[in-house]
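Chemist: Please read through the structure below; I'll follow up with questions.
The values are calculated or read from the model by the stated rules, or taken from the named source; none is laboratory data. Please read these numbers as outputs of a predicted model, since none were measured by experiment. Using ideal geometry, Cβ is built from the backbone for each residue, glycine included, and neighbour counts are taken over all protein chains shown. In case anyone asks, the SASA skips ligands and DNA or RNA and just uses the protein heavy atoms, side chains included. Shrake-Rupley method; radii C 1.70, N 1.55, O 1.52, S 1.80 Å.
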Amino acid sequence: MSVSVKEVFEFIETESQYQEFETSLSFIIGQEGAQMPALQEAQRIYGYLPIEVLERISERLDIPLEQLYSTATFYSQFTFVPKGEYTISICLGTACYVKGAGNILDSYETELKIKAGETTPDRKFTLESCRCIGACGLAPVLTVNEEVYGRLTQKKGDKVLVSYLKKA
């Protein structure tokens, strides 16, 4: 049985998001090449591209939904899956991996009950792996949103996760 993202993640839009996006669209409508700025604004405001917002862009800018989808799937900056409040990215580049980053990723997957590339159903955490973040001297390294944690051990990595679990 296949489950769609729409079935797993209900689209929730706040009034402030709606107003901010409508204001952004009002400046974009009529501009040449309006598609990319509209998609970028949607991604910035919502954190992903919900189908409901793509349909609104399609209608307001008179761009076929298929064309918006084609553009959004071409560029890696766009995602159709909501990200968590905390995006945890564990570096699996060579320096990090040989110093135990794979074990840290495994423990995070177990604790959060998701795999790399997934978001918890409550949208608190997104877990990602990456190949290199350019901090090899601090290996192993992980980031939580923009915060960098380096020279991790299994124990230090667990402490980082626990601190964010307490915030969530």
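Chemist: Against the conditions (1) more than 21 Å from LEU25 (Cβ to Cβ); (2) surrounded by fewer than 16 Cβ atoms within 10 Å (Cβ to Cβ), where does LYS99 fall short? Just the number, please.
Modeler: The number of the failed condition is (2).
Chemist: Return yes or no: is GLN77 more than 22 Å from the chain's Cα centre (by Cα), open to solvent by 70 Å² or more (accessible area, probe 1.4 Å) and under 30 Å from SER24 (Cα atoms)?
Modeler: no
Chemist: Looking only at region 46-62, filter to residues that are surrounded by 17 or more Cβ atoms within 10 Å (Cβ to Cβ) and β-branched (Val, Ile, Thr); which one of those is farthest from LYS113 (Cα to Cα)?
Modeler: The selected residue is ILE57.
Chemist: Shifting gears a bit: Identify, from the list PHE80, PHE125, the residue that is of a type outside the set (A, V, I, L, M), modelled with pLDDT under 95, in contact with a helix residue (DSSP H, G or I) (Cβ under 7 Å, 6 or more places away or on another chain) and not assigned by the TED database to the domain that holds GLN40.
Modeler: So the residue among PHE80, PHE125 that is of a type outside the set (A, V, I, L, M), modelled with pLDDT under 95, in contact with a helix residue (DSSP H, G or I) (Cβ under 7 Å, 6 or more places away or on another chain) and not assigned by the TED database to the domain that holds GLN40 is PHE80.
Chemist: A follow-up question, please. Being touching a Cys at 6+ places or on another chain (Cβ under 9 Å) and open to solvent by 70 Å² or more (accessible area, probe 1.4 Å) is the filter here, so list the residues in region 134-162 that pass it.
Modeler: CYS136
Chemist: In region 19-42, what count of residues is obtained for those that are closer than 18 Å to GLU55 by Cβ and either open to solvent by less than 60 Å² (accessible area, probe 1.4 Å) or not assigned by the TED database to the domain that holds GLU59 (or both)?
Modeler: Total meeting the criteria: 13.
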